[in-house]
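Values quoted throughout were computed directly from the atomic coordinates according to the rules given, and no laboratory measurement underlies them. Since we're looking at a predicted model, the values are computed, not measured. Positions of Cβ are generated from backbone atoms using ideal geometry, with glycine treated the same way; all protein chains shown enter the neighbour counts.
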Amino acid sequence: MKFSLIAILIFSLAFTWNPGHSQSLIGKWQLVHFDGVEKVRNSPQYREADETMKSNMEAKINYRLESTVYQFISADSLYFTDFVNQIIVQKKAKIEVSADNVLSINDGNQIKKAKILELEPDRLVIEPIIQGGNVGKFVFERIKAPKKD
């Protein structure tokens, strides 16, 4: 019994992210997976589409993934790409991480929130908090600076 209690405690501590470590976010992060993509690929519209339409949809998905970059420049500031009328725009925002691991992004016009589910040196998983449902998880990978010779 003691062993299982200790294992549970260690497991929970290992997977609880301390918001005091917002320095761990600093750097550039590339979106590599979004659960909503699977919903699109499993939709009747996608499955029944011809190859040209599927190819166009895949190109849009890849463009969205490749274009979504978050650059945390300090413990309280973020540059990020956003889409406005299908055009990529660069925005700057103030960020805050609450004690319950909720990331708030305030770009001056609106505040977006996401639960930080996982933060490792090279992987960040967040789940947007929206009214009316769950849109799925966003998985980011850290963009490493090129090595200098």
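Some observations on this one:
- Whole-Hz ³J(HN,Hα) from phi, Karplus 6.51 cos²θ - 1.76 cosθ + 1.60, for the stretch 140-147, glycine and proline x: 10, 10, 5, 8, 7, 5, x, 6
- With K and R counted +1 and D and E -1, the other residues having a Cβ less than 9 Å from that of residue 129 yield a net charge of +2.
- Rg then Dmax, both in Å and based on the Cα atoms of the stretch 66-149: 13.6, 51.
- Under 5 Å, built H, 5+ apart or other chain: amide partners of residue 118: 125
- Taking amide H as placed 1.01 Å from N in the peptide plane, the amide H of residue 68 sits under 5 Å from that of 31, each at least 5 places away or on another chain.
- With a simple spin-label model that places each label point 7 Å from the Cα along the Cα-to-Cβ direction, the separation between residue 65 and residue 37 comes to 0.2 nm.
- Backbone HN-Hα couplings from phi across the stretch 54-68 [Karplus 6.51/-1.76/1.60, Hz, Gly and Pro as x]: 4, 4, 5, 5, 5, 4, 5, 4, 5, 4, 5, 5, 5, 8, 9
- For the stretch 89-94, 3J(HN,Hα) per residue [Karplus equation, 6.51 cos²θ - 1.76 cosθ + 1.60, θ = phi - 60°, Hz, x = Gly/Pro]: 10, 9, 10, 10, 9, 8
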